[in-house]
Amino acid sequence: MNKAEYFLRMFAYDDWANRQSLDSLKSSSAPMKSASVMSHVISAERLWLERLKREKQSLAVWPELSFEECETHLADLAGAWREYITGVPSDDYSKPVSYTNSKGEEWSTNVEDILTHVLMHSAHHRGQIAFDLRASGQTPAYTDFIHAARQGILD
């Protein structure tokens, strides 16, 4: 499996897991904190894609998105990530991308590390959402990678 195939598979999982988390929020009396975290996941994914594409930031880092807006953004992001990853030449994964973070600091990070960060950042926050739902007596989405693989979602 080459890097593009790997990241396409990982972002397919990420999209599925994000949608599962959003669905669990929509079908519960979700704590406001969890809805805010879901909005942040979406915003951060868009922000990193915009950095990779050298585009202007379009959302606040912690926006207040409705569940409907979350759904729209997730659908758009799924296609945008596929388009971006399929367009990256294999030798560009190690090339640095320069950007300014939300603190105004300038950084340069290679494409592969940015893509890996996006996946881990989203998984981290989905875990917070699951914890928050469980702590409030509700059942969070089952978003484990192995569950997606077993279900054939990533084939």
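List the residues whose amide H sits under 5 Å from the amide H of N110, counting only those 5 or more places along or on another chain, with H placed 1.01 Å from N in the peptide plane.
V97
Under a point-charge model restricted to the Cβ atoms of Lys and Arg (+1) and Asp and Glu (-1), what is the dipole moment magnitude of the stretch 49-155 relative to its Cα centre, in debye to the nearest 20?
180
If you filter the stretch 110-153 for chymotrypsin sites (Phe, Trp or Tyr not before Pro), then keep DSSP loop positions with at most 14 other Cβ within 10 Å, what is left?
Y142
Please give me the summed charge of the neighbours of V61: other residues whose Cβ is under 11 Å from its Cβ, Lys and Arg +1, Asp and Glu -1.
+2
Below 8 Å, C-alpha to C-alpha, sequence gap of six or more: please give me the relative contact order for the stretch 11-155 in percent.
35
Residues of the stretch 1-33 with the amide nitrogen closer than 17 Å to a label point 7 Å from the Cα of M120, along Cα-to-Cβ, please.
Residues passing the 17 Å test: 7, 10-11, 14.
Return the subset of K53/K103; K3/K33; K3/K56; K26/K95 for which the Cα-Cα distance in this structure is over 30 Å, preserving the input order.
K3/K33; K26/K95
At R0 = 30 Å, how high is the FRET efficiency between Y84 and T139 if r is their beta carbon distance? Nearest 0.05 is fine.
Rounded to the nearest 0.05, the efficiency is 0.35.
In deg cm²/dmol and to the nearest 500, what is the mean residue ellipticity at 222 nm of the chain if only DSSP H runs of at least 4 residues count, each as -39500 (n - 2.57), divided by the residue total?
Value at 222 nm, helices only: -21500 deg cm²/dmol.
For P140, what charge total do you get from the other residues with a beta carbon under 14 Å from its beta carbon, if Lys and Arg give +1 and Asp and Glu give -1?
Taking every other residue near P140 into account, the sum is +2.
May I ask for the angle, rounded to the nearest 10°, between helix 67-87 and the longest principal axis of the chain, with both axes built from Cα atoms and the value confined to 0 to 90°?
Here the helix axis deviates by roughly 30 degrees.
Any idea what angle helix 3-26 forms with the longest principal axis of the chain, computed on alpha-carbon atoms, 0 to 90 degrees, nearest 10?
Relative to the chain, helix 3-26 is tipped by roughly 30 degrees.
Taking K and R as +1 and D and E as -1, what net charge do the other residues with C-beta under 12 Å from the C-beta of A80 add up to?
Around A80, the surrounding residues sum to -3.
Comparing T143, T100, T86, which has the greatest mean-square fluctuation in the GNM of the chain with Cα pairs linked when under 10 Å apart?
So, out of T143, T100, T86, the one fluctuating most is T100.
Which loop-located GluC sites (Glu not before Pro) does the stretch 74-155 contain, where loop means any DSSP state but H, G, I, E or B and the Cβ has at most 14 other Cβ atoms within 10 Å?
In loop regions of the stretch 74-155 (DSSP not H, G, I, E or B), the sparsely surrounded GluC sites (Glu not before Pro) are E105.
Only Cα pairs within less than 10 Å get springs; with that Gaussian network setup on the chain, which residue of V41, V111, V88 has the largest fluctuation?
V88
FYI, it's all coordinate maths here, none of it is from the lab. Because the structure is a prediction, the values reported are computed rather than measured. Using ideal geometry, Cβ is built from the backbone for each residue, glycine included, and neighbour counts are taken over all protein chains shown.
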